[in-house]
Every structure is written in C-alpha cells, then in structure tokens.
1. For residue 35, state whether it is at pLDDT 95 or above and surrounded by fewer than 15 Cβ atoms within 10 Å (Cβ to Cβ).
2. Can you tell me which residue within the stretch 4-18, out of those that are farther than 15 Å from residue 50 by Cβ and in contact with an Asp or Glu (Cβ under 9 Å, 6 or more places away or on another chain), is least open to solvent (accessible area, probe 1.4 Å)?
3. Of the residues in the stretch 41-78, how many are of a type in the set (A, V, I, L, M, F, W, C), without any contact (Cβ under 8 Å) to a residue 40 or more places away in the chain and out of contact with any Leu (no Cβ under 6 Å at 6 or more places or on another chain)?
4. Determine whether residue 24 is on the phi > 0 side of the Ramachandran plot and open to solvent by 40 Å² or more (accessible area, probe 1.4 Å).
5. Tell me which residues, restricted to the stretch 1-40, are free of Cβ contacts under 8 Å to residues at least 12 places away in the same chain, part of a strand (DSSP E or B) and of a type in the set (D, E, K, R).
Amino acid sequence: VQMLAMEVHDDTLEAISARWAEMGIELFSPITPVELEGYPRFQTLLVEDPDGLLVELIQLPTQDEVKAFRAAMREKQA
C-alpha cells in the first residue's frame, strides 16, 4: 500500500470532509485525532484515490500552539 500525506493549511478537515461528502467522495477513515508524546494533538483523515493510493490529509497545530503546549509541559515538569 502506498500513501501520500499532505498538510492542510487554509481549511479545516471538517470543511473538506463536508465538501467531499457533498461530492459523493467516501472517506477511507474518519477524521482521527493523533497524539504524539511532546507534541499537541492533531487530526488526520484518509481517502483512497481511484487507483487505490491512500491520501492522508493532516491538520497540524500552529507554531504558537506547539510553543504553548511545550511551555505547559515544561511548567508541569518543574
């Protein structure tokens, strides 16, 4: 299985998912939260293209959200 991942910048996964639903495009997976140690929670969704390639859209936190998350982690550890 091959997969292509792309970050979403100017839209939300919810808005994209709604537009795709209107167009009859089925998701391979729903919007899914992802948690990694030392990084704020983010979201992803998967769709399969006509050739079977999985396309992952990722909505990452902003740089300010990452900085705030890490500052809060450091505060908890102190």
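1. Taking the combined requirement at face value, the residue does not satisfy it.
2. 5
3. Residues that pass the stated criteria total 7.
4. The answer is yes for residue 24.
5. Hit for the stretch 1-40 is 35, nothing else.
The values are calculated or read from the model by the stated rules, or taken from the named source; none is laboratory data. Everything numeric in this text was worked out from a predicted model, so none of it was measured. Here the Cβ is made from the backbone with ideal geometry for all residues, glycine too, and neighbour counts use every protein chain on show. Just so you know, the surface numbers come from the protein's heavy atoms only, side chains and all, with ligands and any DNA or RNA stripped out. Shrake-Rupley method; radii C 1.70, N 1.55, O 1.52, S 1.80 Å.
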